[in-house]
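J.: The structure under discussion is supplied below as structure tokens; questions concerning it will follow.
The values are calculated or read from the model by the stated rules, or taken from the named source; none is laboratory data. Remember, it's a predicted structure, so these values are computed and weren't measured experimentally. Quick reminder, even Gly has a Cβ in these numbers, built from the backbone with ideal geometry, and neighbours come from all protein chains shown. Surface areas here come from the heavy atoms of the whole protein model, side chains and all, with no ligands, DNA or RNA. Shrake-Rupley method; radii C 1.70, N 1.55, O 1.52, S 1.80 Å.
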Amino acid sequence: MSYLLPEDVKSYNRDGEPVEMPKIKVLLADDHAMIREGTRRILEESGSIEVVGEASDGAEAIRQAIALHPDVVLMDIAMPKLDGVKATQEIKEKLPSVAVLILSAYDDDAYLFPVLKAGAAGYLLKNCRGSELVDAVKAVIRGESVLHPIVAAKVLRSLSHNLDEKKDDE
């Protein structure tokens, strides 16, 4: 599904008056309330994103996603009850059209590769700028993948390593 964002297209009704575009609905899943509050402010200040719910653990994220049908779930990895990897996998199984964007302090391979395999549309680190986060939410809505540069480097090294191993096997 492709979304037209307010800054991308100006839409007008028959009388030539501007028509408000629908906002991107986001569910925040992070076990730290301060992170959720700050992230909410950043996203909503963009004018094109609405935070429709919050979850403090992976199990709650799944319940909220099913109840609210957000466009994007912004998911932390390390959370109580159910981690972001398992929550992402379950959300993608139950709601395949929902994009899951990871926002984590961790770039460990133990988290990174399993969550990408679980269906995450992107992986950002919490040291990213607010504008980068807003841009990433808009990108995953358009069907694009977004990786923090450190994460992208790890993915490319892994692919390169796997290709080298295949050459050695031949």
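J.: Arranged from highest to lowest average of other beta-carbon atoms within 10 Å per residue, in what order do the peptides 84-92, 42-50 appear?
T.: For the peptides 84-92, 42-50, the packing ranking is 84-92, 42-50.
J.: With r as the distance between the Cβ atoms of PHE113 and GLU37 and R0 = 30 Å, compute the FRET efficiency 1/(1 + (r/R0)^6) and round to 0.05.
T.: 0.50
J.: What does DSSP give for region 11-90 in terms of the percent of beta bridges that are antiparallel, rounded to the nearest 5?
T.: Bridges in region 11-90 are about 10 percent antiparallel.
J.: In addition: If you fit an axis through the alpha-carbon atoms of helix 33-45 and take the longest principal axis of the Cα set of the chain, what angle between them do you get, 0 to 90°, nearest 10?
T.: Taking Cα atoms only, the helix is inclined about 50 degrees.
J.: Rule-of-thumb check for region 93-134: C-alpha Rg over 2.2 N^0.38 Å?
T.: Relative to the 2.2 N^0.38 Å estimate, region 93-134 comes out at 1.22.
J.: For the chain, compute Rg over Rh where Rg is the Cα radius of gyration and Rh is the Kirkwood radius from the inverse mean 1/r over Cα pairs.
T.: Ratio of gyration radius to Kirkwood radius: 1.03.
J.: Carbon-plus-sulfur fraction of the accessible area of the chain, 1.4 Å probe, in percent?
T.: It is 51 percent, rounded to a whole number.
J.: Output wanted: per-residue J couplings in Hz (rounded whole) for region 53-59, from phi through Karplus 6.51 cos²θ - 1.76 cosθ + 1.60, θ = phi - 60°, x for Gly and Pro.
T.: For region 53-59, the Karplus-derived couplings read x, 9, 9, 9, 7, x, 5 Hz, x marking Gly and Pro.
J.: What FRET efficiency, computed as 1/(1 + (r/R0)^6) with R0 = 41 Å and r the Cβ-Cβ distance, is obtained for GLU44 and SER158, rounded to the nearest 0.05?
T.: 0.70
J.: What is the local net charge at SER56, summed over the other residues whose Cβ is closer than 14 Å to its Cβ (Lys, Arg +1; Asp, Glu -1)?
T.: -4
J.: Using a 1.4 angstrom probe on the protein heavy atoms only, could you order ARG40, ARG129, ARG142 from most to least accessible area?
T.: Output order, biggest surface exposure first: ARG129, ARG142, ARG40.
J.: Also, I was wondering about something else. Per residue, what accessible area does the chain have, given a 1.4 Å probe and all protein chains present, in Å²?
T.: 56 Å²
J.: Report for the chain the percent antiparallel among DSSP-assigned beta bridges with both residues inside it, nearest 5.
T.: Roughly 5 percent of the DSSP beta bridges within the chain come out antiparallel.
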